[in-house]
Amino acid sequence: MDEDDFVLVSRDESLDPNSRSYVSGIDSTVEGLRASLWPLNTFIHENPELAFKEYEAHKALTSFMASQKGWDVTPSACGMETAWVAVYDSGRAGPAVSFNVEMDALPNLGHACGHNLIATASLAAGLATAEMIKQHGLPGKALLFGTPGEEGIRGGKVRLLEAGVYGDVDISLISHPGILNNSALVRTTAFARLEVEFIGRAAHAANSPWLGINALDALIVAYNAVSVLRQQTMPSDVIGMAITNGGAAANVIHAYAAGVCVIRASSVSRLSELQQKVSACFRAGAEATGAKVEIKATQGYADHVPNRVLAASYTKYWKSLPDLPDPPIPSGEQLTWVKASTDQGNVSYAMPSVNASFAIPPGPLCGQPHSRDFEEASGTEAAFVRALRVGKALAGTAVDVLATPGLIDKVKEQWGRDMQAAKDQQS
Ligand SMILES: [Zn+2]
Ligand SMILES: [Zn+2]
C-alpha cells in the first residue's frame, strides 16, 4: 500500500492529543465496567453451550445489554434463537461500526476456544465506543452482533450475512484468544468439506466376484490418489480424509462406500483449485473401478482478509495502553498466519474487518485452543484482563473511524484493493 494511506493514523507510538484523550476515556470506561463484566465472563465460561444452543449466554448477554443506557436490543434476531443485535445510535449520520460477539463452546471440551473472552472483549469495546460517542458528540452508531455457532460448518455470521443484517454496517471488529500472538493483521484459512460416495454393484465375493463393482476399491483408489496429491500441494494446503463407510461385509463385493475430506487453503481462490484436484482424485477411483461417484461440496468459511488501515489503529491503541503484555505486537504490515478457520473470514469478504489475535497466560501444559488446558486458561482472571485490553484497542479502532473525517474512506479503499487482489488471484 502507499505511504499516503497512513497519513491519518500515526504509525509510531506518539499519539495526537485527540487519540490520547480517547485512550484515557476508553481505558477508564472499560475499567469501570470490569466489576460487571467479570461475572458475565465467568458465567459464560462455566456454562458452556454448543453451537446454536447458546440459550443461557444469549439470555445473560441480551439482558446485560438491555440494562445499558441508550442501547436498543433485539434478542433472537433473524429467526435464530441465539442471535442478537444491540444498537447505540448517536442520531447523527456517520459510520456504523460493529463488533461480533461469539458465545459457543466445544463438545466435551467446554470453552476450550475461549469464546467467553471474545464476548467480553466485544462487549467492552461496544460499550466504550458508545461512551466515547456520548462524551465527544461523535456521529454514527455502534452495533453489537451476537453471532452463534462459530464452531460449525455454516456459522452464525454466514447466516447473518445472508439475512442482510450487516447491510448498512461499515466495519466489523472481533478478536480471538490463543497463547502465541498479539496481532491485528491476522490471516486464517479457507475451508470446505467434500463428501464422496461410491455406488458399485454387490456380488458374492467367492462365487461370482466378476459380476460385482467394488465401491470400496473405488474409495481406496481415491484415498491413495489424495495421499499422492499431498506431495504436490502448497505448504499452506491441508487435506484431511476419513472413510465413513467401508463396505458391508468381507464376503461381498461392496456396493457402497463413502468418505469425507476437509480441505483448507490460504485463500478462497486456492481452495477452489484444491477442491478441483481432490475431486479429480475421487473421479479416478470411479474410473478405475467402474463405480459411480457422487461428490457433495459444502463450503465452510472464507479466509480472513484483515484491513491494514483498521489494524494500524488497533496497534496504535494496543501500544498506548499501560502494562504492555508480551509478546510484542508486530509493527508495520507483518501478517500473522493462523491455520484455523473462522466465519469472520466471510465477513471480511463483505466489509473491512479486523480479527485480532491475543495471547492469554497459558495453562501448565501450554495448551493451544481446543485443549483442556486452554479451557482452564480461558476462565482465569488474567485471561479476562487481556480480553479487556483487547476490548479497549477495538474500541479505539472504532472511535478512530467515527472521529477522524475521511478515515472510513481510506479503510474502504484499502478493502477495495484487497478484494481486487483476491479476485485477480482467482482469474
Ligand atoms: Zn475453535
Ligand atoms: Zn474459536
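Read-outs throughout are calculated quantities, based only on the coordinates presented, and are distinct from any laboratory measurement. Here the structure is a predicted model, which means the values were calculated and not measured. Glycine gets a Cβ as well: all are built from the backbone with ideal geometry, and neighbour counts include every protein chain shown.
Between V385 and S272, what FRET efficiency follows from the Cβ-Cβ distance if R0 is 45 Å, with the result rounded to 0.05?
The pair V385/S272 has a calculated efficiency of 0.60.
With n ≥ 4 as the cut-off for DSSP H runs, can you work out [θ] at 222 nm for the chain, using -39500 (n - 2.57) per run divided by the number of residues, rounded to the nearest 500?
When only DSSP H runs of four or more count, the value is -13500 deg cm²/dmol.
Which helices pass in the chain if a helix is a full DSSP H run, must span at least 15 angstrom along its long axis by Cα, and must have mean Kyte-Doolittle hydropathy not below 0.5?
215-229, 381-403
Using only the C-alpha atoms of the chain, find the volume of their convex hull and express it per residue in Å³.
149
Using r as the Cβ-Cβ distance of W38 and A340, and R0 as 25 Å, what FRET efficiency do you calculate, to the nearest 0.05?
That pair, W38 with A340, gives E of 0.40.
Residues in region 190-219, backbone N under 17 Å from the label point at N251 (7 Å along the Cα-to-beta-carbon vector): list them, ranges by number please.
Zone members listed by number: 202-210.
To the nearest 20 Debye, how big is the dipole of the chain about its Cα centre, given +1 on the beta carbon of each Lys and Arg and -1 on that of each Asp and Glu?
600
Can you give the extra length, in nm with one decimal, that the chain gains between R283 and I243 once fully stretched, where that is 0.36 nm per residue apart less the Cα-Cα distance?
12.8 nm
What FRET efficiency do you get for R20 and L109 if R0 is 56 Å and r is their Cβ-Cβ distance, rounded to the nearest 0.05?
Efficiency at R0 = 56 Å is approximately 0.85.
For L271, L61, L106, L219, what's the fewest-to-most ordering of other Cβ within 10 Å of each Cβ?
Lowest count first: L106, L271, L61, L219.
Take the Cα atoms of region 190-299, build their convex hull, and give its volume per residue in Å³.
Roughly 79 Å³ of hull volume per residue.
What does DSSP give for the chain in terms of the percent of beta bridges that are antiparallel, rounded to the nearest 5?
70
Going 7 Å from the Cα of Q368 in the Cα-to-Cβ direction, what parts of region 260-288 have a backbone nitrogen less than 17 Å from that spot?
Only 263-266 pass the distance filter.
Between S63 and K292, what is 0.36 nm times their sequence separation minus the Cα-Cα distance? Round to one decimal in nm.
Residue separation times 0.36 nm, minus the Cα-Cα distance, leaves 77.1 nm.
Tell me, what HN-Hα J-couplings in whole Hz come from the Karplus equation 6.51 cos²θ - 1.76 cosθ + 1.60 at θ = phi - 60° for each residue of region 358-363, using x for Gly and Pro?
Running phi through 6.51 cos²θ - 1.76 cosθ + 1.60 with θ = phi - 60° gives 9, 8, 9, x, x, x Hz.
How many nm is it between the label spots at D72 and Q232, if each spot is 7 Å from the Cα in line with the beta carbon?
5.7
Which residues' amide hydrogens lie under 5 Å from the amide hydrogen of G94, considering only partners 5 or more residues apart or on another chain, with H built in the peptide plane?
Counting only residues 5 or more places away or on other chains, the set is G140.
For a paramagnetic label modelled at 7 Å from the Cα of A205 toward its Cβ, which residues of region 223-258 fall within the zone defined by backbone nitrogen distances under 15 Å?
Those under the cut-off are 246-257.
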